[in-house]
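Novice: Encoded as structure tokens, here's the structure I'll be asking about.
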Amino acid sequence: MKKLVLAFLTISAFASAQSTQISKEGNADTGFNSGYSLEQSPNTKWVLNSIKALEFMDTVSYKSFYSADVKFHDNLEEKNLNQNVAFIKALKANGISVKFEKVAPIWEYVHKNKNMKEANNYVISYQYAALSKAGKTIKVVISAVDLIKDGKIVQEWLAYDTAGIMSLFK
């Protein structure tokens, strides 16, 4: 039995060591091992501040975090900045408040390989929002990916369940 346990531990240790080796150059063909993650960065703070502006429904501040030609991929529906801001204004006009209970985890992935002139900086986050109107609260989990270039969000991919949010408009 001791030999079996020792063999298992040896194999586990070897497998663990193999899985943590990362190529320093990356693999340009597959894209794997061609970047790194940051737990906190100026870009993660940037996204958190854009979320705060949304929470306060401050559309002027909110717009300042995005490039003028940003593309939103909202549940795979492409929108522009004006359409996105119009939705925030519709929430406000209908007496719907937004509170982000937490944004976690959040991290930045910096993707760069030898075939790229500059890195792509993606901030990935899971946002837990509570939208309320007249005593009714809907909780929504949002999966978000923001591509940041030159200090602005240039693309945003969001995935979330819209059914609860739409029920607040009734």
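Novice: Taking the Cα centre of segment 125-170 as origin, work out the dipole magnitude from +1 charges on Lys and Arg Cβ and -1 charges on Asp and Glu Cβ, in debye rounded to 20.
Specialist: Numbers: 6 positive and 4 negative charges, 60 e Å.
Rounded to the nearest 20 debye, it is 280 debye.
Novice: For residue 119 and residue 170, what does the FRET efficiency come to when R0 = 45 Å and r is the distance between their Cβ atoms, rounded to the nearest 0.05? Don't skip to the end; give the middle numbers.
Specialist: Working: r = 45 Å, r/R0 = 1.00.
Working from the Cβ atoms, E equals 0.50.
Novice: Mind listing the long-range amide H neighbours of residue 161? Cut-off is under 5 Å, sequence gap 5 or more, other chains count too, H placed in the peptide plane at 1.01 Å from N.
Specialist: Those qualifying (amide H under 5 Å, at least 5 residues apart or on another chain) are 141.
Novice: Ok, one more. From the phi angles alone, apply the Karplus equation (6.51, -1.76, 1.60; θ = phi - 60°) to segment 144-156 and give each ³J(HN,Hα) in whole Hz, x where the residue is Gly or Pro.
Specialist: 10, 10, 10, 8, 10, 9, 6, x, 9, 7, 9, 8, 9
Novice: When every alpha-carbon pair in segment 37-126 is counted, what percent end up more than 17 Å apart?
Specialist: Numbers: 2352 of 4005 pairs.
The share of Cα pairs beyond 17 Å in segment 37-126 comes to 59 percent.
Novice: Next up: So, with +1 on the Cβ of K and R and -1 on the Cβ of D and E, and no other charges, what is the size of the charge dipole of segment 86-170 about its Cα centre, to the nearest 20 debye? Please report the intermediate quantities before stating the final value.
Specialist: Numbers: 13 positive and 7 negative charges, 54 e Å.
I would put it at about 260 debye.
Novice: Determine ³J(HN,Hα), in whole Hz, for all residues of segment 125-140 in sequence, where each value follows from phi through the Karplus function 6.51 cos²θ - 1.76 cosθ + 1.60 and θ = phi - 60°; x replaces Gly and Pro.
Specialist: Using θ = phi - 60°, the values come out as 8, 10, 10, 10, 10, 10, 9, 10, 7, 6, x, 9, 10, 10, 9, 9 Hz.
Quick note: the coordinates plus some simple rules give every number you see, no bench work behind them. This structure is a prediction, so every number in the text was calculated from the model and none was measured. Positions of Cβ are backbone-derived with ideal geometry, glycine not excepted, and every protein chain shown enters the neighbour counts.
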